[in-house]
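Novice: Could you have a look at this structure, given as structure tokens, before my questions?
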Amino acid sequence: MIGLISDTHENENAIEKAVKVFKERNVEFVVHCGDIISPPMLEHFKGLKIKFVFGNNDGERNGLIGKCRELGFDGIKDSLEFEHKNKKFYVYHGTKKEKLDAAIKSNKYDYVLTGHTHIKRDEKIGKTRVINPGALFRIYPYTIALLGVENDNLEFIKI
């Protein structure tokens, strides 16, 4: 099972609750779809295997890159492609709608993971399942998601 989170926007209390859920549910790893905001926020994710992409509000990019390195996390980029259990993933915050739509319509990916809108999304477009786990900022209720790749099961969890 994979944990999905986005748009945490320095909401430390909500981040701690989300991380607790990920640890209790024994996720294999977590994907953060952007808008972490500042390097100190990465400390809250210690103990998790996690992948990050930048969001449009992540102004301290060099600091985030350095902190990821310091904490032993995978790097952080504008977008990310990876394979897990024979499924192809693309992760992009969603700042440029054209870029997000092109990835979705390419039919290259089984899953496109995104954030930015703060609105949870679960939609199948062609062969691609598009997932936005929601946010831990501004739009309530705050949500994260758990994705079971083996059975294509998605669960949104209120934080």
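Novice: Which residues does a label at Glu10 reach in the stretch 31-72, if reach means a backbone N under 13 Å from a point 7 Å past the Cα toward the Cβ?
Specialist: 36-42, 57-60, by backbone N distance to the label point.
Novice: Which of the three applies to the stretch 95-159, rounded, prolate or oblate, going by the alpha-carbon gyration tensor with a ≥ b ≥ c and a/c under 1.5 meaning rounded?
Specialist: Cα axes put the stretch 95-159 in the oblate bin.
Novice: Let me check I've understood the local charge: for Cys33, count other residues with C-beta under 13 angstrom from its C-beta, Lys and Arg +1, Asp and Glu -1. What total comes out?
Specialist: Values: positive: Lys51, Lys77, Lys120, Arg121; negative: Asp7, Asp35, Asp58, Asp78.
Net charge around Cys33: 0.
Novice: May I ask you to derive the relative contact order of the chain, considering only C-alpha pairs under 8 Å and at least 6 residues apart, and to give it as an integer percent?
Specialist: Working: 377 pairs, mean separation 37.4, N = 159.
Computed over the chain, the figure is 24 percent.
Novice: Within 10 Å of each residue's Cβ, count the other Cβ atoms and sort Leu4, Leu100 from fewest upward.
Specialist: Working: Leu4 30, Leu100 19.
Least crowded to most crowded, the residues run Leu100, Leu4.
Novice: Ok, one more. Quick one, which of (1) -0.44, -0.82; (2) -0.56, -0.96; (3) -0.76, -1.01 is the actual log10 I(q)/I(0) by the Debye sum over Cα atoms at q = 0.12, 0.16 Å⁻¹ calculated for this model?
Specialist: Label (1) holds the value from this structure.
Novice: If you rank Ile159, Ile139, Ile15 by fewest surrounding Cβ atoms within 10 Å, what's the result? Numbers along the way, then the final one.
Specialist: On the way: Ile159 20, Ile139 14, Ile15 24.
Exposure proxy ranking, most exposed first: Ile139, Ile159, Ile15.
Novice: Measuring from a point 7 Å past the Cα of Lys17 along Cα-to-C-beta, which residues in the stretch 105-139 have an amide N at less than 15 Å?
Specialist: 134-139, by backbone N distance to the label point.
Novice: Modelling each spin label as a point 7 Å along the Cα-to-Cβ direction, I'd like the Ile65/Ile119 distance in nm, to one decimal.
Specialist: 3.4 nm
Novice: I want the antiparallel fraction of DSSP beta bridges within the chain, as a percent rounded to 5.
Specialist: Details: 20 of 35 bridges.
The antiparallel fraction comes to roughly 55 percent.
Novice: Determine the relative contact order of the stretch 91-159: mean sequence separation of Cα pairs under 8 Å and six or more apart, normalised by residue count, in whole percent.
Specialist: Values: 124 pairs, mean separation 15.1, N = 69.
Contact order relative to length: 22 percent.
Just so you know, all these numbers are worked out from the coordinates, no wet-lab data involved. Keep in mind it's a predicted model, so treat the numbers as computed, not measured. Glycine gets a Cβ as well: all are built from the backbone with ideal geometry, and neighbour counts include every protein chain shown.
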